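Input: a single structure, listed below in structure tokens.
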Amino acid sequence: MRRRAHGRRRGTAAGALDATQGARLEDYRRQDTLLHLTLAELSGSRTLAAQYAGVRATLNELLDCIPLLVRNLEHSQQQHAAVVEAVLDRDPDAAREMMREHCGGTAALLRGFLA
């Protein structure tokens, strides 16, 4: 049973990551949102998943005010891959640290464009 759950987790996380990597620019934010929601759900914390869903709507409004730059998206994708890898490796410390770095980078990007 545990192995099956891990297999589903692997498939779900990898599928969400693949969807962001293959997304056209006009679809990227939607796929990015789904990846982040998937990761929040995989955390096993209903509270985190619910809070993230609420915050993401506001975050998307802010993100829609800045351009999608390919270089930034490539960097973001590297971070996404590292987070997914840590989740699949069952390494919560690495996943947490990479997600903090990713969120910090997004915050800096928003401050730079919206200040």
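The values are calculated or read from the model by the stated rules, or taken from the named source; none is laboratory data. Fair warning: this is a prediction, and the values are worked out from it, not measured in the lab. Neighbour counts run over all protein chains shown; Cβ positions are idealised from the backbone, glycine included.
I'm trying to understand the selection: among the residues of the range 7-42, which are assigned to a loop (DSSP other than H, G, I, E, B) and either surrounded by fewer than 17 Cβ atoms within 10 Å (Cβ to Cβ) or in contact (Cβ under 8 Å) with a residue 12 or more places away in the chain (or both)? Correct list: G22, R24.
Within the set T47, T33, the sole residue that is out of contact with any Cys (no Cβ under 9 Å at 6 or more places or on another chain) and either basic (K, R) or over 17 Å from A16 (Cβ atoms) (or both) turns out to be T47.
Taking the criterion of being in contact with a helix residue (DSSP H, G or I) (Cβ under 7 Å, 6 or more places away or on another chain) and over 24 Å from E26 (Cβ atoms), the residues of the range 84-115 that qualify are A86, V87, L88, A94, A95, M98, M99, E101.
Of all the criteria given as (1) at pLDDT below 95; (2) within 26 Å of L110 (Cα to Cα); (3) buried (at least 17 other Cβ atoms within 10 Å of the Cβ), the one not satisfied by D64 is (3). The C-beta contact set for the range 54-73 (first residue touching a residue at least 12 places away in the same chain (Cβ under 8 Å), second residue β-branched (V, I, T) and assigned to a helix (DSSP H, G or I), distance under 7 angstrom, 6+ apart or interchain) comprises R56/T33; N60/T33.
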